1. Answer with yes or no whether ILE141 is among the hydrophobic types (A, V, I, L, M, F, W, C) and within 16 Å of the ligand (Cβ to nearest atom).
2. Just the residues that are of a type outside the set (Gly, Ala, Ser), closer than 14 Å to ILE350 by Cα and in a loop (DSSP other than H, G, I, E, B), please, taken from the stretch 364-387.
3. Tell me yes or no: at least one residue of the stretch 166-175 is within 17 Å of ILE283 (Cβ to Cβ) and either assigned by TED's automatic domain parsing to the domain that holds ALA113 or not aliphatic (A, V, I, L, M) (or both).
4. Are any of the residues in the stretch 205-219 in a strand (DSSP E or B), more than 10 Å from the ligand (Cβ to nearest atom), out of contact with any Lys or Arg (no Cβ under 9 Å at 6 or more places or on another chain) and of a type in the set (A, V, I, L, M)?
5. With the structure loaded, tell me whether SER200 is more than 13 Å from the ligand (Cβ to nearest atom) and on the phi < 0 side of the Ramachandran plot or whether it fails that test.
6. Mind listing whichever residues of the stretch 284-299 are farther than 24 Å from ALA98 by Cα, part of a loop (DSSP other than H, G, I, E, B) and not β-branched (Val, Ile, Thr)?
7. Only one residue in HIS106, HIS81 is at pLDDT below 95 and either within 30 Å of ALA396 (Cβ to Cβ) or surrounded by 15 or more Cβ atoms within 10 Å (Cβ to Cβ) (or both), so which one is that?
Amino acid sequence: MSNKPKDTSFVFNASLYRAVDLLSESFTEMHLQQTPGINNKTNFSATLPKQGVGENVALNTLAPFILGQAAPLDSAHALAHMDPPTPWITWATSMFNARLNQNLLHPATAPFARQAEQIVIDWLSPYFGMQGGHFCAGSTIANLTALWAARDAKGITKVVASEAAHISVAKAAKILGLSYQSIAVCANGTINKDALGDLSSACLVLTAGTTATGAVDDLSIASAANAAWVHVDAAWAGPLRLSHEHAHLLAGIEAADSVAISAHKWLFQPKESALVLFKHLEIANVAISVGSDYLVAPNIGLQGSRGAAAVSLLATILAWGEEGFAQRINANMDMANQLANFVELHSQFILWQRPTTGLTIFAHKTMSVDELLTLLPTGMFSRCQIDNKDYVRSVAANPNADIASILDSLRRISI
Ligand SMILES: Cc1ncc(COP(=O)(O)O)c(C=O)c1O
């Protein structure tokens, strides 16, 4: 063994404690005043620096930007996007993951991380009636992977989805060289099942929680439609299966051939974390596996090198159990309902529809969406368009949102 000293950038450094301290500091007031605006790059040289400043200075320089100029997803008024805050246990596991840099492509470079993924997949698959699957970096990739399996396992030639399906479905069809048919939606934002037509050579994509309104397509179509393959894009609403109170909203999902779920949405995971699950795992895996002479095990799915996102989800599941997820998701569903109740009873607002999966969509009778949003704290709500009409969109993904104070804000601007 040589006595070659290790490059200290790669060994444990006590400054990591400083990084954790920085996390606990509030950057919202003082530091923001001291740092330039988000578009102001004056702190950085125009070209790539020739010499480094060292880790400590780099960390201290960047902390006000990274920590101080991020959208506060856990703030009491954040109810805008499908991007939840993350529990602290995932901050810790993400640091472990960065330190270890396991690559799930190779069994040799991720012995426990691969096992962790398998455990999580085995735990979650039964909630969806699926046999198994794998993690991927988001539901865009999960949807593409599922359609790839459908194409190569069942020879589908077209993809059929509603007008409200996520753009990733049309993108996947394009990438895979499949034709794409967009089906009109009913007034409640769900696919018009009378317009489906012949699906014998098609992959029908149903959405459980559309991006704009949270609508859930009638998933009983999964067993009733004579489709060559049925994929459910449950990127948003999939986690409702963990709630006894709300699991029924996705009844019928177990008849699908594949399901996509974004763990970085309602499973409160750091990006990039999603799952693609299959009813007939072996058949799907054969369709989406590619071997190579440098691989011990075939590469399953789209990504090559893949990080250990499953470790963070495993830790969160151990910490919370099914009940911990259900309690937080139920609380979010309740917030969406409280907001809808308020809007419904208020003479100045119009509710689009009752929320089904935590999204409350509404408009003001006289103010435009822009006017309304500028009067409210940034990040309280987002926007969407339905039938060419603008609406305010609220997504209840933040367990720390304070619905009473959000309703107060609405009351104040609409007297
Ligand atoms: C219904 C639906 N499907 C797929 C996606 C794409 O997921 P990701 O952003 O994880 O790639 C989204 C994203 O919002 C979505 O809402």
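The values are calculated or read from the model by the stated rules, or taken from the named source; none is laboratory data. None of the values given here were measured: they were computed from a predicted structure. In this analysis, Cβ positions are derived from the backbone assuming ideal geometry, glycine residues included, and neighbour counts consider all displayed protein chains.
1. Values: among the hydrophobic types (A, V, I, L, M, F, W, C): yes; within 16 Å of the ligand (Cβ to nearest atom): yes.
When the stated conditions are applied, ILE141 passes them.
2. Filtering the stretch 364-387 down to residues of a type outside the set (Gly, Ala, Ser) leaves 364-367, 369-378, 380-381, 383-387.
Going one step further and asking which of them are closer than 14 Å to ILE350 by Cα, we end up with 364-367, 369, 372, 386.
Result: LYS365, THR366, MET367.
3. If we filter the stretch 166-175 for residues that are within 17 Å of ILE283 (Cβ to Cβ), which is where we start, we get none.
The answer is no, given that none of the residues of the stretch 166-175 is within 17 Å of ILE283 (Cβ to Cβ) and either assigned by TED's automatic domain parsing to the domain that holds ALA113 or not aliphatic (A, V, I, L, M) (or both).
4. From the stretch 205-219, those in a strand (DSSP E or B) are 205-208, 216; that's our starting set.
Restricting the remaining residues to those that are more than 10 Å from the ligand (Cβ to nearest atom) gives 206, 216.
Filter once more, so that each one left must be out of contact with any Lys or Arg (no Cβ under 9 Å at 6 or more places or on another chain): 206, 216.
Subset that is of a type in the set (A, V, I, L, M): 206, 216.
So far as the stretch 205-219 goes, yes, one or more of its residues are in a strand (DSSP E or B), more than 10 Å from the ligand (Cβ to nearest atom), out of contact with any Lys or Arg (no Cβ under 9 Å at 6 or more places or on another chain) and of a type in the set (A, V, I, L, M).
5. Numbers: more than 13 Å from the ligand (Cβ to nearest atom): yes; on the phi < 0 side of the Ramachandran plot: yes.
In short, yes.
6. GLY291, SER292, ASP293, TYR294, PRO298
7. Details: HIS81 fails: at pLDDT below 95.
Answer to the selection: HIS106.
One line per residue, one yes/no per condition, for (1) in a helix (DSSP H, G or I); (2) over 19 Å from GLN269 (Cα atoms):
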site: LEU62; (1), (2): yes, yes
site: PHE65; (1), (2): yes, yes
site: HIS81; (1), (2): no, no
site: TYR127; (1), (2): yes, no
